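The values are calculated or read from the model by the stated rules, or taken from the named source; none is laboratory data. Remember, it's a predicted structure, so these values are computed and weren't measured experimentally. When we count neighbours, we look across all protein chains shown, and the Cβ atoms used for this are built from the backbone with ideal geometry, even at glycine. Heavy atoms of the whole protein, side chains included, go into the accessibility calculation; ligands, DNA and RNA do not. Shrake-Rupley method; radii C 1.70, N 1.55, O 1.52, S 1.80 Å.
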Amino acid sequence: MKPSVLFDLSGSVAIVTGGARGLGKIIALALADAGADVVIADILTSLAEDVVKEIEARGNRALGVKLDVTSVNDVQEMVEKVSNHFGRIDILINNAGIQCISAAEDFALEDWNRVVNINLSGVFLCTQAVGKIMITQKKGKIINISSLFGTIGSPHGAAAYNSSKGGVINLTKSLAVEWGKYNINVNAIAPGIIETELTRKRLEDKEYLDLWIDRTPLERIGKPEDLSGAVIYLSSGASDFVTGHTIMIDGGYSVQ
Ligand code: NAD
């Protein structure tokens, strides 16, 4: 099959959680460029509408939905709205996530729960609700945005974040095994450091930035666009026999 056909997402409907800005926005635009109609589901509704307009300007259909991934009601309403609007859901990108930095010995339980609820339980809630639709379709692609820090530790007070992202990698494996029989592919992407609102403050610390670049074989930090190829691959027919895996997009940081 020609690559143009293999990676073509025309006729597919994709949901991107946390699609209003940062990596989610770039992922949403990449999916649209590959032909998909895209739902931008975020707590930041006004920014989400801006992304919807950008996608519509490219000639694709798009829909903005207010979503807090920790709210069972929001998740249910999102699935109903998308099903009513588009009639199907082919791709789910679980991208919404937060960071909270605090020394482990002082980490407040409330902050721990907030991080784990959004980054891990939120992925489960969205996947469970969308998965039910995909099971009836006997087809679906689920892509969870984990992190390099889901595979390693770090000294910067990110125990909750790192644990939640590690959980996402094993949730990905578990669901891949459970839902393979429904022809649903569940994979993850684990980015290294990429400049967005989430990391901007930390990257202003030149020493931290230089250390990071020094330890990365490709000698730079990532750009949001570095995720686009893997997202299209995992969303398309090109990856039909790939499930349960995590693609590291970290400039080679994790292999040395
Ligand atoms: P970001 O803060 O720019 O964007 C996160 C998006 O998620 C925002 O639009 C935000 O409104 C949304 N969001 C937050 N809480 C939500 C909730 N409860 N319900 C719905 N939406 C919610 O961050 P980003 O860097 O674009 O991060 C996107 C994803 O990539 C996150 O899961 C993050 O952990 C992961 N990631 C980022 C990096 C990086 O270096 N930037 C590296 C590895 C993984």
Subject >> Extent along principal axes [Cα atoms of the range 35-180; Å; largest to smallest] >> reply: 49, 36, 27
**OP:** Pop out the carbon and sulfur fraction of the accessible area of the range 173-254 as a percent, whole number, probe 1.4 Å.
**Re:** 53 percent
Original post:
Say the cut-off is 29 Å between C-alpha atoms; which of K81/K141; K66/K139; K139/K201; K141/K223 go over it?
Top reply: K139/K201
Original post:
Where Lys and Arg each count +1 and Asp and Glu each count -1, what net charge lies around L67 among other residues with Cβ under 10 Å from its Cβ?
Top reply: -2
Original post:
Computed FRET efficiency, Cβ-Cβ of L211 and V255, R0 22 Å: what is it to the nearest 0.05?
Top reply: 0.80
Subject >> Where the chain is the region considered: accessible area per residue in Å², 1.4 Å probe >> reply: 47 Å²
Original post:
Mind listing P(r) for the chain? All alpha-carbon pairs, 10 Å bins, whole percents.
Top reply: 8, 32, 38, 19, 4, 0
**OP:** For every other residue with a beta carbon closer than 12 angstrom to the beta carbon of E197, add +1 if it is Lys or Arg and -1 if Asp or Glu, then tell me the sum.
**Re:** +4
Original post:
Which of the aspartates and glutamates could a cross-linker span from K25 if the Cα-Cα distance has to be under 15 Å and same-chain partners fewer than 8 positions apart are dropped?
Top reply: D33, D37, D42, E49, D50, E54, E56, E195, E197, E225, D226
**OP:** May I ask you to list, by number, the DSSP H helices of the chain whose Cα span along the axis is at least 15 Å and whose average Kyte-Doolittle hydropathy reaches 0.0 or more?
**Re:** 22-33, 45-57, 122-137, 159-179
Original post:
If packing is taken as the mean number of other Cβ atoms within 10 Å per residue, what is the order of 26-34, 203-211, 217-225, highest first?
Top reply: 26-34, 217-225, 203-211
Subject >> Inter-probe distance in nm under a simple model that places probes 7 Å from Cα toward Cβ, at Y182 and T136 >> reply: 1.1 nm
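State the percentage of accessible surface on the range 1-144 attributable to carbon and sulfur atoms; use a 1.4 Å probe and exclude ligands, DNA and RNA.
Here it works out to 53 percent.
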**OP:** Highest first, please rank the peptides 185-197, 128-140 by the mean number of other Cβ atoms sitting within 10 Å of their residues.
**Re:** 185-197, 128-140
**OP:** Place the peptides 84-91, 100-107 in order of packing, highest mean first, counting for every residue the other Cβ atoms within 10 Å and averaging per peptide.
**Re:** 84-91, 100-107
Subject >> For the range 8-87: rounded, prolate or oblate by the Cα gyration tensor [a/c cutoff 1.5] >> reply: oblate
**OP:** Would you tally the net charge around F241, using a Cβ to Cβ cut-off of less than 15 Å, leaving F241 out, and scoring K and R as +1, D and E as -1?
**Re:** +2
Original post:
In debye to the nearest 20, how big a dipole does the chain give about its Cα centre with +1 on each Lys and Arg Cβ and -1 on each Asp and Glu Cβ?
Top reply: 840 debye
